[in-house]
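K.L.:
The structure that follows is given in the form of structure tokens.
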Amino acid sequence: MLMQGFAGFMWLLSMALIVFSGFALLDAAVRREDAYRAADKKTKPFWLIILGIAFVVNLLFPILSFLPIIGLIATIVYMVDVRPAIRALPGGGRSSRGSSSDGPYGPYNGGR
């Protein structure tokens, strides 16, 4: 009974780790590339490769081995250091299509 509970807990922990690294990977994919350079946080391809490897490692290896722990550390670094720095930039680092008040030739200022 105790071993089944432990196995269930480890499975849940593994799924949480997969979801966490998957979210970080998707978040890194939707950010603008120039935002990484503006925040001085390596490059977008660098973080996509690191987070992609972390995601695949979490899928393939059991949680008690050291490789998922390394992937978790990389994911945490992205989430607590890189992501907030990129989100602090104007536009939040996401690919923007302009303001809702933008016209076809730039921002609309109401004839002022």
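K.L.:
Can you confirm whether S21 is modelled with pLDDT of 90 or more and either hydroxyl-bearing (S, T, Y) or touching an Asp or Glu at 6+ places or on another chain (Cβ under 7 Å) (or both)?
P.N.:
So S21 fits the description; yes.
K.L.:
Out of the residues in the range 24-56 that are among the basic types (K, R) and open to solvent by 70 Å² or more (accessible area, probe 1.4 Å), state the one that is modelled with the highest pLDDT.
P.N.:
Once the filter is applied, the top-ranked residue is K42.
K.L.:
Hey, another quick one. Which one of these is of a type in the set (F, W, Y) and under 10 Å from the mean Cα position of the chain (by Cα): F20, F55, F46, F61?
P.N.:
F20
K.L.:
While we're here: Which pairs have Cβ atoms under 9 Å, sit 6 or more apart or on different chains, and link a residue in the range 60-89 that is under 19 Å from I49 (Cβ atoms) to one that is surrounded by fewer than 16 Cβ atoms within 10 Å (Cβ to Cβ) and at pLDDT 95 or above?
P.N.:
G71/V56; T75/F23; M79/F23
K.L.:
For residues that are open to solvent by less than 100 Å² (accessible area, probe 1.4 Å) and of a type in the set (D, E, K, R), scanning just the range 57-112, find the one that is modelled with the lowest pLDDT.
P.N.:
D102
The values are calculated or read from the model by the stated rules, or taken from the named source; none is laboratory data. None of the values given here were measured: they were computed from a predicted structure. Cβ sites come from the backbone with ideal geometry, for glycine too, and all protein chains shown count toward neighbours. Side chains are part of the model used for accessible areas, which takes the heavy atoms of the whole protein and leaves out ligands, DNA and RNA. Shrake-Rupley method; radii C 1.70, N 1.55, O 1.52, S 1.80 Å.
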